[in-house]
Structure formats: C-alpha cells, structure tokens
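These notes are about the structure you will find just below.
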Amino acid sequence: MIARVTETMEFSNTELREWCRELPKVELHTHLNGSIRDSTLLELVKNHGDNGIIVSKDVEHMILEKGTSLRKCFDLFAVYHVLTTDHETVKRITKEVVEDFAADNCIYLELRTTPKNNEAKGMTKRSYMQAVIDGLKAVDIVDVDLWGCGLNNEESGDTRRKKIFVRLLLSINRSEATSSAIDTVNLAMEMKDVGVVGIDLSGDPTVGQWETVLPALKLARELGLSVTLHCGEVRNSKEIQAMLDFNPERLGHVCLLADEEWDRLKSLVIPVEICLTSNIMTQTIPSIELHHFADLYKSEHPMSLCTDDTGLFSTTLSNEYYKAALSFGLGKEEMFKLAQEAVNFVFADESVKQHLTQKFEEAKGQML
Ligand SMILES: [Zn+2]
C-alpha cells in the first residue's frame, strides 16, 4: 500500500487542488452524455417543458441529490438521454464538454459516445456523429486538434491559447443487436480520418450477452480499430473471462474480479481506466480505501485516472487526481508520473503521443 496521506502530503488541500488543476492531464474514459453541465441540463429541461416525462422541479431535485444512491444516478442518466436526442443539443454538449476539459488542463481527451438513430428527429448514427464533429468545430476558447495530420481545426496562432487533442470512441451499447453493433464499427471505420480511433463497449452491465457483440468487436480488431471494454461492473465471471480472452487494448473499471481474474489481468498487462468517484458513487466499490487502485498501483499495473461522467458524478479530472493523492498518499512526483504514463495508453497515433510527451516534459520543470 502507498504511504498514508499524513506522511506524504506536501501541501495544503487548497494548494494540492490547484496543483492537480495545473497538472497536464490525459482523459481516456468519459462519456459525452454523462458529462453534460448541470446548468445546461436545467436549461434543456426548461426548453423541453414539463410534459409528464420530465418535470423541471424533479430534475432540480435530482441534481441536488446526485450521487446519494445508485438508483438516483440511473434516474438522472435517463433524463440525460431523453434531453439529448437532437442534433443541436448533441453539438452544444460536445462543445461544452471539450471546453470544460480544456479549462481543467486536460491536453488529450478521448471522448466516447453511442451513435443513435432517432427517426422522429431525423437522426441517423451518421448524422448524430456529424453533430459531434460540428460541436468540436464550434469550440472557441481553445484550439482543438481533432484530426492530427494537418487537417485539424483552424488554429488561432495565439501561442497563449490552450490546445487540446480530441479523439473519439464510438460506443456499442450492450443491449444492441449484432447488426446494430456492426453498423457502429463500420461507421467508426468510415470516420477514421476525422478523429475516431476506437470502439467502446458500455451500457447497463446487467443486460446483453457477450456473444451478441463479439462479432462487432472482432470486426473492429480486423479493421485496425482499438477496443476498450467496460469490465467487471457486476460479478459476471463468464463474461470477465471472455473479455480477458479477447485481450482488448484497454479495460474500464475492472471492479469486481475474482482472484484468478486479477492474476490474469495483471499477466496480460491490459491498461485499466480507473474511475474512482464513479465506482464509489455507484456503490460498485464500498469505499475508496478498498478501491483496487491501491493494488494495481502497487503492482505497477498500467492505468490511468478518468472521470467516466463529469456531469453525472459532479467531478473533474483534476478532482480524480486530487482524490487519489488524498486517499492513497501520492506525492507530486508520483502524481506527475501517473498523469504522464497515460500517454502510453492513448489510442491516437505516434505523432500525437510525441506531442503529448513533449507537453509533459515542458510542464515538468514547473510542476516538480
Ligand atoms: Zn463508463
């Protein structure tokens, strides 16, 4: 176990918070819909009008009670989905999410989202993703590098402006049919030259069968797309083993693994996306002291701190680092190393990795 907080804490909590904010960071696990701002959510509810499905007073209450139970997390998540079904809203929340991460000194964001068909709104999976791209183009407080390869947004040329690399993962929902999951993989392939770098498997962990989505994941691999899977959110040994057999490029959460599955994960050295606040708020892990971060960290297993859903869990990437420092007694150098090592697990190409590595090298002198 890492040294306790009181022994290693090098600064006050306020200073530590600020240091975590200043730290350049790489975000590998965040869902677009779950990262909506509370203020935007309330505005959308107002525009939607009280129609019996969503009542603004109820949503205000839900926001106040965020994170007090797993049920309340899912209730609010359902509201997000009802309110984010048109192109303009998808564009708006994409823009805002990128701006929020950039303001938090995130220098690389891998944003994941499930492309949706919505006939009533004239939305196809393709047009949904176009709205996401439009949102990225609309970001105006920072320079966004979406495409790399010289096709990125018009840069301001102002060297004082922040720059954030954004890449996209298309999520397959666990409840989707095989054909729909394959459509998503084909769409990801079609959009490979506009910033899509991989496929994620997510959704309610209690529904869906691994065998249903496996053909799509195999196709993704054949096509050269990287894959990350939400794994071990519930105890499901058969599925966890199948996921480890698949040996994806990364795994998210890995909360509820049996001893032999831990050993296997470690021997396969699959990088893990750790979401501390999410795991505690959804009560997947009973307390932060019992979180598997400590064990993985001690084993020097590759991992990266992530937010999962900044809106749903009222967190930021800085806050996740702050929480890790406080809970596991990490010092400045350990925190910096943790943030820097995440560069190794990004799905973007080598040129982006080199750029990010350089950013960390530049920051090192100021941060340590
Ligand atoms: Zn997630």
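The values are calculated or read from the model by the stated rules, or taken from the named source; none is laboratory data. Since we're looking at a predicted model, the values are computed, not measured. Cβ placement follows ideal geometry from the backbone for every residue including glycine, while neighbour counts extend to all protein chains displayed. Each accessible area value is taken on the protein alone, full model and side chains, heavy atoms only, with ligands, DNA and RNA left out. Shrake-Rupley method; radii C 1.70, N 1.55, O 1.52, S 1.80 Å.
Assorted remarks:
- Its Cα gyration tensor gives the range 225-368 an equivalent ellipsoid, and the semi-axes of that ellipsoid, as √(5λ) in whole Å with the largest first, are 25, 19, 14.
- Per residue value of the accessible surface for the chain (all protein chains in place, 1.4 Å probe), Å²: 42
- Translational diffusion of the chain was estimated from the Stokes-Einstein equation, with Rh taken as the Kirkwood radius over Cα pairs; at 4 °C and 1.567 mPa s the coefficient is 62 µm²/s.
- Each peptide in 240-246, 43-49 receives the mean, over its residues, of other Cβ atoms within 10 Å, and ordering these scores from highest gives 240-246, 43-49.
- Rounded to whole Hz, the Karplus (6.51, -1.76, 1.60) HN-Hα couplings of the range 171-183, x for glycine and proline: 8, 9, 7, 4, 8, 6, 6, 4, 5, 5, 5, 5, 4
- In this calculation the C-beta distance from residue 126 to residue 77 is compared with R0 = 25 Å, giving a FRET efficiency of 0.55.
- Hz values of 3J(HN,Hα) by residue in the range 205-218 - Karplus curve (6.51, -1.76, 1.60), Gly and Pro given as x: x, 8, 10, x, 10, 3, 4, 5, 9, 4, x, 5, 5, 5
- In the chain, helical runs assigned H by DSSP with n ≥ 4 each contribute -39500 (n - 2.57); averaged across all residues and rounded to the nearest 500, the mean residue ellipticity at 222 nm is -14500 deg cm²/dmol.
- Proximal aspartates and glutamates to residue 125, defined as alpha-carbon separation beneath 14 angstrom and excluding residues fewer than eight positions away on the same chain: 86, 176, 183, 190
- Cross-link pairs beyond the 23 Å C-alpha cut-off, checked among 95/121; 116/137; 91/218: 91/218
- Accessible surface of the chain [probe 1.4 Å, protein heavy atoms]: carbon and sulfur percent: 50
- Residue pairs exceeding 27 angstrom between C-alpha atoms, taken from 163/266; 162/298; 66/323: 163/266; 162/298.
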